Structure formats: structure tokens, C-alpha cells
Amino acid sequence: MTRREGIGVAVLIAAVCLVQLAAANAFDLFSRHFWVDELYSHAVVADPSWSHALQAIHGGLDSLPTYQLALRVVALVIAPTEVALRSFAFASVVLALVGVYALLRHAVSPLVALTAAAAVWAHPMALSYAFDARYYGPFLAIAVWFCWIVHRRHTERTRATTAALTALSLLLCGVHVFGVLVLAAVLLTAGLVYRQWRAWLPALVGPVLLPPLWFLALQPQRQTITVATWEGVFSWSQVLDTASSVFVPGYLAAVFLGMFAIVCLHRVVRGQVQATSSPGPAESLTLLAGLSLLFPAIVLVSYFIQPTLTPRYFIPAIVALAPAIAHGLTQVPRWGTVVILVFLLGFGTNQLRWGGAHARSTDQRIEAMAGAIRALPADRPVLFEVTHELAVLWKYAPDLRNRVFWIDFEDGELPHPSAIRIVSRDLARAYSRFYDGQPGTAWSSVEDSREFYVIVDPRAWAADGPASTNETRYPGFTLEPAGIVLMRASKR
């Protein structure tokens, strides 16, 4: 692929994505309210002091600082608004799609490569995290371009490829802790495909340098959370559910059945199949497919260390679908590839339409919540069980900031708090040490009240505990509905 073709494809992919957003009426995905994790990132990025921002990260506010520090550089030019931060994520995913196209072009035609890239874009995880002001979009982009530079390094051992390989290694291991696993998966695949190892020695800088550095520098961060993880216990059913989310998106069966039907139809009509291109050298396809090794690697971490089976941690693995689809499309006539491309673009547009509607309904829920609180007497505070909606409400309903609090508690004070409620508490405590936005009130002071209002969250009650009832959720109090989202807790 020439540089001119690469630039043209980047512009084309970005333009198609924007047209899809317009057709789906989904530009709200850029401007919707931040959610709680995005607010953590925004606080660090918008902090006027670099030293204070680093202290906040060091103190447990967020994970590895690479993503936040990169956004702080962007924020020197553009204010870190919802649109700006999500545009960075969107640009990252577009860049990842360009990287997928570039790798596939070593083996297939432009149309096939573009269609396989469209299959990655249609994946629900790509569509979701392209509009999430967190590090998942950049994580995907860095993983794809790390594959690209490894492939390039096989034929060009120059200072430029050495520098690029080293830089991408540092970025990959710095953007997410599982970057080390991605790097290992890609280098293992490259070693098997190219039958050599020495060419990629500069890539070891990242895993050798950064993990020990983060371990030492961010030790206080790890002590912030008092439970190992907010996820449930490891189960093979959860592994299967995650595998389905990553590798079997809703459109996949339709794509492969469609390819098979097109091949059969063409054979009946023409008596033979005219492939769009020859498979050619398969190294770049195999390298992309190697990202699927991230899945068993994280499953092993989940089994032996701690459960980490949330699908978003596997996001680099979704591009492993591209070489499978591309290889299948090489057996499909050109008109059939166009049909598959149109289907994928239509599917993606429909997903974006749903995402835009969901974004609007989520913001409307926050507005309805604010309205319900405003309808209460001005001297009645409202308590939240977890901080997910409180943090959003505090930012976007400033007139309620002196009336909304989360229930802080010590271990043993409340019955059956879930792991996610404990993590929410721990992060809110860390956040409040550095920034405003998540005010809490101790349960020891709340339980002396005759009455209080609370917004109940089903995630706050441990799933393995007895069923929560209005009589047992808060000892000594009875809950009763008091509005659309509100419950009134009255002393018994």
C-alpha cells in the first residue's frame, strides 16, 4: 500500500463513519453526558496542574497514566470537552481501521481489505468504544499498528523501524496493563510466521521497562481498592459469554452465510467462481489473527490470578475477525463482496442508531432524576448507593450539588454490599482527596436520621447474598417508593 493510498483510505473511512453517524442521527454519541469512568479521566486531563494530576493518578484515581497524559497534551490546544475527548477515541478507532486495511492489503485487493475493515467497524465493541473517553480506542489502535510495524520490520531493519517498534512497544505496554499480553501474542505469532526473533528485540523495551516502573510508582494506587476485583468469581460460562461477545458478533453468521450463498449462486449462474483476488502471502493476515491469542492469555490471568473477563479488556482481539473474513471474501466474486460491504455498513448504521437513542435515553434518565430531586423539599438530601449516577448528576445539575451524596460505609456496617459497591466507595474516597464531584456522607450519621431519600441501585447488593427487600436493605429502616427513581427510607 502506497502512502497516497493510505491517506485516501483514511479519509474515506472517516468520511463513511461520519456519514453513518449522520444517517443514524447519532452525533449525540459525541456530546452525551460523561459517565463516571470518563469523569475520572476528565478530572485528570482538565486539572490545571500537571503535578497535581500525577498525584491524583498516583493516589489511586485511575490506572496507567499514559492515556491521560496524552490527552493533557491535546488539551493544551483544545478544551477537554465531551466532544473533544470522544473525538480522540473516534480518531483512534478510525486509525485502527486504517491499520487493519494496511495489513490486509499485503494479501488481498483494496475492496476485500476495505470490507474486512468494515467488519471490524461493525463490531459492537468498536462502535461502543469509538465514543468512549477512555483508553480502549487507543488501545485498539496501538495494538493494530504494533502488528503493522512488526510486519514492516521483517523486511526493513532501519533506524526508522527500530524507533517505531520501540515507541509502539512503550505505548502498548503503557496504555493498558494487558498491553504486555498483546505484545507477547504478536511477537509469538511473528516468530512462528517469519521464523526469526532477533528483528523484534527492540520491542522488548516496553515489557522490560514499564511494568517494574508502574509497579513501583503506582503502589499506592493498588492499595486504594480494598477488594481484588469488582467482577464475580471465575466461571467457564462467563468465559463462553465473553468469547461470544468478542468473536461472534451478531452480524458474523449473516456474513459467512451470505458469502456461502453468493458463491453457490455464482456457481449456479456462471458455472464457476471468479475470486476477487488471490490470497497471496498470508503473513500479515496471520499476524492479525494472532491477536486472538489475547483471549486465552486473559482467561489464564482470570483463572490463576483474578477474574478479568469483562469484554472490553479483549478489544484488540476483535480485529482477528478481519483476516478470517478477508480470506473468505477472496473466494467471492466482486459483486458479492460489494453486497457484503453494503450489508456491514447498513448493520453498523443500525447499531449507531441504537447507540444514539440509548445515549439520549441515558441523559434523559439523569434529567428525570434531577427533576425528581428538585420536587422534594429543599432541605431533604438524596443519597446514592454507588457513585455512577451521582457523579454525572453532580456535574450536570450544579443546583443540586449540596443535596446529593453517596453513602460512605465501613466494612460490616451495611448488609451484603457488592464488590462493585465497595470499589465505587474506594474510588470515590480517592477522588474526593483530589477533586470535587463525589460528596459522601457516613452511614453512621445517616442511621441516626428518622428519614432519608435514596436512589437504589441493583448493583449495590451482592448477588450471592439473600434477596434484598424493602425491609432488609437498610437495618432499622423500611423503604417505600417516593417518585420515579426515589425511595423513602423511614425509621421503624
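The values are calculated or read from the model by the stated rules, or taken from the named source; none is laboratory data. Here the structure is a predicted model, which means the values were calculated and not measured. Cβ: placed from backbone, ideal geometry, glycine included. Neighbour counts: every protein chain shown.
Conditions (1) crowded, with 19+ Cβ neighbours inside 10 Å; (2) at pLDDT below 95; (3) in a helix (DSSP H, G or I), marked per residue:
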position: Trp145; (1), (2), (3): yes, no, yes
position: Arg153; (1), (2), (3): yes, yes, yes
position: Ala160; (1), (2), (3): no, yes, yes
position: Leu165; (1), (2), (3): yes, no, yes
position: Leu183; (1), (2), (3): yes, no, yes
position: Val186; (1), (2), (3): yes, no, yes
position: Trp200; (1), (2), (3): yes, yes, yes
Looking across segment 188-198 at residues that are in a helix (DSSP H, G or I) and of a type outside the set (Val, Ile, Thr), the single one that is farthest from the chain's Cα centre (by Cα) is Arg198
Of the residues in segment 450-476, those that are surrounded by 14 or more Cβ atoms within 10 Å (Cβ to Cβ) and touching a residue at least 24 places away in the same chain (Cβ under 8 Å) number 14
Those residues of segment 303-319 which are assigned to a helix (DSSP H, G or I) and either under 25 Å from Leu192 (Cα atoms) or in contact with a helix residue (DSSP H, G or I) (Cβ under 8 Å, 6 or more places away or on another chain) (or both) amount to Pro311, Arg312, Tyr313, Phe314, Ile315, Pro316, Ala317, Ile318, Val319
### Message
Any residue that is touching a strand residue (DSSP E or B) at 6+ places or on another chain (Cβ under 6 Å) and of a type in the set (S, T, N, Q) - is there at least one of those in segment 400-415?
### Response
no
Q) Would you call Ala22 farther than 17 Å from Ala75 by Cα, of a type in the set (Gly, Ala, Ser) and without any contact (Cβ under 8 Å) to a residue 24 or more places away in the chain? A) yes
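Take the residues in segment 1-44 that are among the basic types (Lys, Arg) and exposed (fewer than 15 other Cβ atoms within 10 Å of the Cβ), then tell me which one is modelled with the lowest pLDDT. Give the steps one after another, and end with the answer.
First, the residues of segment 1-44 that are among the basic types (Lys, Arg): 3-4, 32.
This time we only want the ones that are exposed (fewer than 15 other Cβ atoms within 10 Å of the Cβ), so: 3-4.
On the way: Arg3: 84, Arg4: 87.
Top of the filtered list is Arg3.
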query: Looking at this structure, is Thr115 assigned to a helix (DSSP H, G or I), within 15 Å of Val9 (Cα to Cα) and of a type in the set (Ser, Thr, Tyr)?
result: yes
Selection over segment 163-199 where residues are closer than 9 Å to Phe146 by Cβ and in contact (Cβ under 8 Å) with a residue 60 or more places away in the chain yields a count of 3
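Test Leu21 against the criterion of being closer than 29 Å to Glu389 by Cβ, within 18 Å of the chain's Cα centre (by Cα) and not assigned by TED's automatic domain parsing to the domain that holds Gly437, and give yes or no. Can you show your working first?
Values: closer than 29 Å to Glu389 by Cβ: yes; within 18 Å of the chain's Cα centre (by Cα): no; not assigned by TED's automatic domain parsing to the domain that holds Gly437: yes.
Against the criterion (closer than 29 Å to Glu389 by Cβ, within 18 Å of the chain's Cα centre (by Cα) and not assigned by TED's automatic domain parsing to the domain that holds Gly437), Leu21 does not qualify.
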Residue set Gln55, Gln68; condition in a helix (DSSP H, G or I), buried (at least 17 other Cβ atoms within 10 Å of the Cβ) and either without any contact (Cβ under 8 Å) to a residue 24 or more places away in the chain or of a type in the set (S, T, N, Q) (or both); output residue Gln68
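Sort through Ala326, Ala322 and tell me the only one that's in contact with a Ser or Thr (Cβ under 9 Å, 6 or more places away or on another chain), crowded, with 20+ Cβ neighbours inside 10 Å and assigned to a helix (DSSP H, G or I).
On the way: Ala322 fails: in contact with a Ser or Thr (Cβ under 9 Å, 6 or more places away or on another chain).
When all the criteria are applied, what remains is Ala326.
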Pairs returned, first residue in segment 300-314 that is in contact (Cβ under 8 Å) with a residue 24 or more places away in the chain and crowded, with 17+ Cβ neighbours inside 10 Å, second residue that is in a loop (DSSP other than H, G, I, E, B) and among the charged types (D, E, K, R), beta-carbon separation under 6 angstrom, 6 or more apart or interchain, are Pro307/Glu231
Reported set for segment 329-352 where residues are buried (at least 23 other Cβ atoms within 10 Å of the Cβ) and not in a helix (DSSP H, G or I) is Val332
When you look at Asp132, is it of a type in the set (Asp, Glu) and at pLDDT below 95, yes or no?
-> no
